[in-house]
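Structure, as structure tokens:
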Amino acid sequence: MLSGIASVPGGMVRHGEAVATPVRVAIPARYPDDHAMSFDRGDLRGAQGVAVTDDGTTP
């Protein structure tokens, strides 16, 4: 099963269009591989999934 992960209001503080300048400067300095910027509320930002085997266990 796979389901989408939508952007939520709390995430917009760090990953939305109107990120405060100090935050916008701090993110690449602290997390150089984080390119998740300029999301709008409700944008699909990823997916999560789970797999179950025929005997009901997870692989």
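Just so it is clear, none of the values below were taken in a lab; they were calculated from the coordinates. The structure presented is a predicted model; accordingly, all values stated were derived computationally and were not measured. Cβ sites come from the backbone with ideal geometry, for glycine too, and all protein chains shown count toward neighbours.
Brief remarks on what is shown
- Positive-end extreme of charge dipole, the chain - chosen from Ala20, Ser7, Gly42 (charges on Cβ): Ala20
- Computed over the chain, relative contact order equals 49 percent, with contacts defined as Cα pairs under 8 Å that lie 6+ residues apart.
- (i) 16.0, 52; (ii) 12.2, 35; (iii) 15.1, 48, with the label sought being that of the calculated Rg and Dmax of the Cα atoms in Å: (i)
- For the chain, trypsin sites (Lys or Arg not before Pro) meeting the loop criterion (DSSP other than H, G, I, E, B) and having at most 14 other Cβ atoms within 10 Å: Arg41.
- Between 0 and 90°, nearest 10: helix 21-30 axis offset from the chain longest Cα axis: 50
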